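What follows is one structure encoded as structure tokens, with my remarks underneath.
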Amino acid sequence: MPTATFRIWRGDAKSGAFEDYSTEVSQGMVVLDAVHDIQAKQANDLACRWNCKAGKCGSCSAEVNGMPKLMCMSRLNDLPLDKPVTIEPIKAFPLLKDLITDVSWNFEVKKKIKKFKPRPPDAADGTWRMAQEDIDRVQEFRKCIECFLCQDVCHVLRDHRKHDEFIGPRFLIYVAALEMHPLDTEDRLEELRKAHGIGYCNITKCCTKVCPENIQITDNGIIPLKERVVDDHYDPLGWIWKKLKKNR
Amino acid sequence: MPDYQTFQHDVLVIGAGGAGLRAAIEASAAGVSVGLVCKSLLGKAHTVMAEGGIAAALGNVDDRDNWKVHFADTMRGGQYVNQWRMAELHAKEAPDRVRELEAWGAVFDRTKDGRILQRNFGGHRYPRLAHVGDRTGLEMIRTLQDHGIHQGIEVYMEHTVLALLKEGERVIGAFGYERERGRFKIFRAKAIVLATGGLGRAYKITSNSWESTGDGLSLAYEAGAELIDMEFVQFHPTGMIWPPSVMGILVTEGVRGEGGILTNKDGRRFMFEQIPENYRTQTADNPEEGWRYCQGDKDARRPPELLTRDHVARCIVREIKEGRGSPHGGVYLDIAWIKEKMPNAAEHIKRKLPSMYHQFKQLADIDITEQPMEVGPTTHYAMGGIHVDADTQMSRIPGLFAAGECAAGINGANRLGGNSLSDIVVFGKRAGEFAAKFAKENSLGQIDNGKIDLVAREAVAPFENGAGENPYSIQRDLQETMQDLVGIVRNESEMRTALEKLKIFSERANRAGVVGHREFNPGWHTALDLKTLLTVSEAITRAALERKESRGAQFREDCPEKDDRFAKVNTMISKAADGSMQVRLDPLPEMPDDLKQVIEEMK
């Protein structure tokens, strides 16, 4: 069997370096297979996250030859194997060890987003009716596997480290799924503008490009949300109406 | 004793898949403090991989469906060794649990009149599986996760529990470690819910992730609880087999629910050749009728591809063994053929089975709208597990509850597809409810420091062994042994050999060595998981030896028929005073007459 070299980041927040590992390559292999093989035979303590190995759980996010990817869905035959394949951790979050980063910030952000609040059931059987075409868009957003690759490439987080002011594409899509849910009655537009920092997104669409679920994050999610925020906040008639309502 | 960090909760839930999350939500809604331990990050548990749907007799697509039909289907699928009370509660409560998910934000596919759509699945008489394309598990775990995070549940991500702590008979806490820094932690609790899922990693070819090492079963067994039905391991008929790196990855039964057919290398639809007696009246006798069933014709009977998983898996093994398999040692699963029947078949397939389309396209260079898939059986699910009371989900250890795949009884000898997603929410809720009740009635116990020291010492032993045996090699050898000797086709002599080998693996596991330090060290984690894998592997093998017959998922080539002596018993496994594993046969609980009548009526 042919062999290939994998240049993997080893180390923690304090220090680290790339190390080369050579391993046999067989038909159909993905990057995660190579990492597993190296882990089992050459470096038992090589840290990486994974679960499903089928692109469904979003655990094995890493940067393969500089591109944010799920290792389990990255075929080796799509990569040039005549030179080392570099594998390194994602960059938008603090490094813990080897390919593992501390993604806990994401879980804290989600808690701050107002939860789903359905209208009371209105069908005779005590449930709701929803037409398929009215939920297609929400279902697209709900395909998200929380791999956080979109967060990784977002320059607001990756380069400008605005983690305190901006929730990132993953959670803009999360808000979009709630806001566009036919049953939801909550209003999250004010937070979107202020605490969630939607204005920071300047629609470079990097997030959409790396989404392994092909969610049209920018076009179908963020842009419509921006429009809603603008309509809500900068519409003078609406503004007067809201003031009047508040004072009543 | 070193000063370990200690946490305190009324209820501690171990495992954060569907069952664990649902239990945690229920317990915290009852007003008690809840801790939730997960082996991975929150939302990544094995539930996320469930594809086809959640079985519940909503009757949205076929109004002849109701809990009685679902109950009878479940019992028939389980070959009547199920715990009837669990099957009854499950069938009755599943519809409410599905509606509750919708109220918490889940967005299921819809019928034309806007209700929750349901699809056909193996062993279910009517279209019964509420679903979201073929990513139903993701929808469920995300819904539960997003609901749960607003409930004040304390989540401990990337933690693994090594032992349960007891005071007298009662369970009062758990001891484990966090992966990030490798530090030990003590969890004190008044009640504990185990929801650790399956044990597929005991086998080489499996649809299960690294997490599924039977932790909960092993923890409960060591603490004195009983395991039931351990011989019944479900081999899902359709896993990917080519290329080698994807071997075992699940191909949803939804493919067959949407009209997919199984063929051998000669193009023959072999499932028509052998239809079990107790399904004959419900099964189509020609392809045309089967297709009409998949299209919702209420007068048609279901195609034989939708027979129960144990049967379909065995038919596939037969075809392969008799030389009629596909080039890579499987059979063909073909959904592309429906283009003969439908004008827009390719679009339909992509809409109904998006992740299957994606999975084959990306990992196997196969376009399932054009070509057949190559598939073969993969270890998928443990019907066996911790024996619990059907109503409360409490084991025989006071304060120790279990729910979901790690608990057992509802499925009997074979689980119907879709029944696990309903199982986890029905019994997750019950476990949470009764654990909270138990916690309110009991106080915290006293931690035994001696026990903790012992577990901690054992846990760090691999570091002292240094360059001992590679834990990954031991794990691989164990998986190969279980695959070869205690797999789909079993016999006594091979299983005796397996027991001998397990003994050797156990000695090797004691010598397992780990390099590096305790911070996020997968080698160490793998070494620690060997113990639970060895326990569940031995339990499967001993129970399979004890059941000297073929029933459901257990096929013994040395006892190929069903045997009445085993028709009304369950195998029970427990730890004897001398530390050895004991097996005994227990009579099934007597089913009340009204339920017997339900089963008669549905025959």
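Brief remarks on what is shown
- Rounded to the nearest 10 degrees, the angle from helix B:492-510 to the longest Cα principal axis of chain B is 40 degrees.
- Entries of A:Lys110/B:Lys361; A:Lys41/B:Lys531; B:Lys503/B:Lys575; A:Lys53/B:Lys39; A:Lys14/A:Lys162 with Cα pairs more than 26 Å apart: A:Lys110/B:Lys361
- Classified by the C-alpha gyration tensor, the protein assembly as shown has a rounded form. Its axis ratio a/c, with a ≥ b ≥ c, is below 1.5.
- The trypsin sites (Lys or Arg not before Pro) of the stretch B:141-246 meeting both criteria, a DSSP state outside H, G, I, E and B (loop) and at most 16 other C-beta atoms within 10 angstrom of the site's C-beta, are B:Arg181, B:Arg183.
- Across all directions, the average projected area of the convex hull around the alpha carbons of the stretch B:236-379 is 8.2 nm².
- Loop trypsin sites (Lys or Arg not before Pro), the stretch B:530-576, which have at most 16 other Cβ atoms in a 10 Å radius of their Cβ (DSSP): B:Lys548, B:Lys562, B:Lys568
- Here the average projected area of the convex hull drawn through the C-alpha atoms of chain A stands at 17.5 nm².
- Cleavage-rule hits (GluC sites (Glu not before Pro)) in the stretch A:159-201: DSSP loop, at most 15 neighbouring Cβ within 10 angstrom: A:Glu165, A:Glu186
- Relative contact order of the stretch B:461-575, defined on C-alpha pairs under 8 angstrom at six or more residues apart (%): 31
- Counting only residues at least eight positions apart within a chain, or on another chain, the lysines with an alpha carbon under 20 Å from that of B:Lys92 are B:Lys68, B:Lys429, B:Lys596, B:Lys603.
- Taking a straight line from the alpha carbon of A:Lys226, these aspartates and glutamates sit under 19 Å away, with near neighbours fewer than eight places off in the same chain left out: A:Glu140, A:Glu165, A:Glu179, A:Asp184, A:Glu186, A:Asp187, A:Glu190, A:Glu191, A:Asp235.
- Other protein chain C-beta atoms within 10 Å of residue C-beta, averaged over B:512-520: 4.
- Annotation: the antiparallel percentage among DSSP beta bridges lying fully within chain B is about 65.
- Between 0 and 90°, nearest 10: helix A:31-41 axis offset from chain A longest Cα axis: 50
- Residue by residue along B:48-60, Cβ atoms of other protein chains within 10 Å of the local Cβ number 2 on average.
- Taking label positions 7 Å along the Cα-Cβ direction at both A:Asp125 and A:Thr5, the computed distance is 6.4 nm, reported to one decimal.
- Nearest-ten-degree value, helix B:522-546 long axis tilted from longest Cα axis of chain B: 60
- Over all Cα atoms in the stretch B:495-603, the spread is summed up by Rg and Dmax: 19.8, 63 Å.
- When peptides B:448-454, A:213-219 are ranked by their average number of other Cβ atoms within 10 Å per residue, the highest-first order is A:213-219, B:448-454.
- Among A:Arg228, A:Arg137, A:Arg129: highest mean-square fluctuation, GNM of chain A, C-alpha pairs under 10 Å: A:Arg129
- Among the listed pairs A:Lys56/A:Lys111; A:Lys69/B:Lys350; A:Lys114/A:Lys143; A:Lys97/B:Lys501; B:Lys44/B:Lys321, those with a Cα-Cα distance over 27 Å are A:Lys97/B:Lys501; B:Lys44/B:Lys321.
- Two numbers describe the Cα atoms of chain B: Rg and Dmax, which are 23.0, 72 Å.
- Accessible surface, per residue, of the protein assembly as shown when the full set of protein chains is kept, probe 1.4 Å, Å²: 36
- Over the stretch B:1-120, all Cα pairs binned in 5 Å intervals from 0 give whole-percent P(r) values of 2, 9, 14, 17, 18, 16, 12, 6, 3, 2, 1, 1, 0, listed from short to long.
- Longest exposed-site-free window of chain B, the sites being GluC sites (Glu not before Pro) in a DSSP loop that have at most 15 other C-beta atoms within 10 Å: B:371-556
- Environment charge of B:Ala431, counting only residues whose C-beta is closer than 12 Å and scoring Lys/Arg +1, Asp/Glu -1: -1
- Taking every residue in B:131-138 and counting other chain Cβ atoms within 10 Å of its Cβ, the average works out to 3.
- Three-way shape call for the stretch A:1-65 based on the alpha-carbon gyration tensor, with the a/c threshold at 1.5: oblate
- Take every DSSP beta bridge whose two residues both sit in the stretch A:3-101; close to 85 percent of them are antiparallel.
- All-pairs Cα distance distribution in the stretch A:104-247, expressed in whole percent, bin size 10 Å: 11, 38, 33, 15, 3, 0
- Fraction of the pair-distance distribution of the stretch B:447-522 above 21 Å, Cα-Cα pairs, percent: 44
The values are calculated or read from the model by the stated rules, or taken from the named source; none is laboratory data. Remember, predicted model here, so these are calculated numbers, not experimental data. So basically every Cβ, Gly included, is an ideal-geometry build from the backbone, and we count neighbours across all protein chains shown. Side chains included, ligands, DNA and RNA excluded: accessible areas come from the protein's heavy atoms. Shrake-Rupley method; radii C 1.70, N 1.55, O 1.52, S 1.80 Å.
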